[in-house]
Amino acid sequence: MSFTPDTILPDDISELTIELNNNGLPLFNVALNANDFPLPLGLQVASPSAASMICGNATNYDIEATEGAQKIGFSIDYMGDGSTCTLTISVTGSVPGVHPATIPIKKVRGTIGTGFAVTNALSASATLRVLPTMTVSQQFMPAIISARDQSLLTITLSAPDADGGDRAGGG
């Protein structure tokens, strides 16, 4: 699972990619319930969602990724041995910070053959960082002057660094 890019400004778009690999027996009714994969607080499915799934040796798939929603799900009727499905969805973030997304173990479910249940043995995770936007401020010193006197105008641009600290510069 990955976000591309993995760092954005508020309301920019990142593409969430989830890759499913079946290296075993054919699987039936493979699914991730959207309630089992909520996006982190501050992230949501973008508008448009650009949701797509590309599968090799798999049939009848569906994606649950409603624009503005904070959860994602999918279903695949059949995944043959050696098949791969790649799900991509556009997401956006409005809250600055680090947003880890995780599909926990045992949440992607399917069946083998006559109904023997299987789940994902490993979790999948990725992190999207949403940076705060730059701020601009100005100040006259002194703020009040008489005709033909001078005042110094200072303009300060403040941009957060990747760790959330502040870098300020003026002039």
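The values are calculated or read from the model by the stated rules, or taken from the named source; none is laboratory data. A quick note: this is a predicted structure, and the numbers were derived from the prediction, not measured. Virtual Cβ from ideal backbone geometry, glycine too; neighbours counted across all protein chains shown. Remember, those area values only see protein heavy atoms, side chains included, never the ligands or the DNA or RNA. Shrake-Rupley method; radii C 1.70, N 1.55, O 1.52, S 1.80 Å.
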Take the residues of the range 6-25 that are of a type outside the set (A, V, I, L, M, F, W, C) and in a strand (DSSP E or B): which is least open to solvent (accessible area, probe 1.4 Å)? Ser14
Subset of the range 22-72 that is within 30 Å of Gly113 (Cα to Cα) and of a type in the set (D, E, K, R) - its residue that is farthest from the chain's Cα centre (by Cα): Asp62
Taking the stated definitions as given, is Thr102 open to solvent by less than 40 Å² (accessible area, probe 1.4 Å), modelled with pLDDT of 95 or more and either out of contact with any Gly (no Cβ under 7 Å at 6 or more places or on another chain) or on the phi > 0 side of the Ramachandran plot (or both)? no
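Could you grab me the full set of residues in the range 105-144 that are touching a residue at least 60 places away in the same chain (Cβ under 8 Å) and more than 16 Å from Leu16 (Cα to Cα)?
Hits for the range 105-144 are Lys107, Val108, Arg109, Gly110, Thr111, Ile112, Gly113, Val118, Leu131, Pro132, Thr133.
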Looking only at the range 84-114, count every residue that is farther than 28 Å from Thr59 by Cβ and hydrophobic (A, V, I, L, M, F, W, C) and tell me the total. 2
Can you tell me which residue within the range 127-144, out of those that are of a type in the set (A, V, I, L, M) and in a strand (DSSP E or B), is farthest from Gly97 (Cα to Cα)? Met141
